[in-house]
1. Count the lysine pairs in the chain whose Cα atoms sit under 20 Å apart, keeping only pairs 8 or more residues apart in sequence or on different chains.
2. Hey, for a label at residue 83 modelled as a point 7 Å past Cα toward Cβ, could you say which residues of the range 16-41 have their backbone N under 11 Å away?
3. When only DSSP loop residues count, what trypsin sites (Lys or Arg not before Pro) in the range 10-56 have their Cβ near at most 12 other Cβ atoms within 10 Å?
4. Going 7 Å from the Cα of residue 115 toward and past its Cβ, which residues in the range 17-58 have a backbone nitrogen under 17 Å from where you end up?
5. Nearest-5 percent of antiparallel DSSP beta bridges in the chain?
6. What nm distance separates the two modelled labels at residue 58 and residue 3, each placed 7 Å from Cα along Cα→Cβ?
7. Please get the size of the charge dipole for the chain, origin at its Cα centre, with Cβ charges of +1 on Lys and Arg and -1 on Asp and Glu, quoted in debye to the nearest 20.
8. Could you look at the range 41-123 and say what percent of its accessible area is carbon and sulfur, using a 1.4 Å probe and all protein chains?
Amino acid sequence: QVQLVESGGGSVQAGGSLTLSCTASGLTNCAYDMSWYRQAPGKEREFVSGIESDGSTSYAESVKGRFTISQDNAKSKAALQMNSLKPEETAMYYCKTDRCTLRSGIRWNLDAWGQGTRVNVSS
């Protein structure tokens with residue numbers, strides 16, 4: 001079973017920056033597709049950014065130009081650099097993986113979530 005652990009959340013003033021990290025473990029030799037979601041109280045969980053094991057990235061329109069997602073060479077960690085944070089982006093941020101790709105090319109579909117890390121952006 002894949003486990004994801006997030007870190008790096010905290011409190012920051014509007015306009016500030018935070019870097020979130022996600023580490024995946026539990027499956028050997030996996031290159032993980034990883035993504036970040038966030039959920040504010042009373043709101044739906046929304047997609048923020050994603051990175052595939054081939055290096056391709058995607059971003060929600062609201063964070064383009066401000067957030068950057070990256071991954072380590074082993075494809076088991078993902079970082080989300082968040083700049084120019086806004087108060088409305090206060091939320092619980094979750095890491096997700098939905099795919100493991102082995103060196104052989106075999107792919108496993110996954111649905112694993114981390115416990116989340118809180119981000120509070122004050123005005």
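The values are calculated or read from the model by the stated rules, or taken from the named source; none is laboratory data. Everything quoted here is computed from the prediction, not taken from an experiment. Neighbour counts are summed over all protein chains in view; Cβ atoms, including those assigned to glycine, are modelled from backbone coordinates with ideal geometry. Keep in mind that these areas ignore ligands, DNA and RNA; they rest on the heavy atoms of the full protein, side chains included. Shrake-Rupley method; radii C 1.70, N 1.55, O 1.52, S 1.80 Å.
1. Lysine pair count for the chain: 6.
2. Counting backbone N atoms under 11 Å from the label point, the list is 17.
3. Qualifying residues, ordered by number: 43.
4. Zone members listed by number: 21-26.
5. Bridges in the chain are about 90 percent antiparallel.
6. If labels sit at residue 58 and residue 3, their model points lie 2.9 nm apart.
7. 120 debye
8. 44 percent
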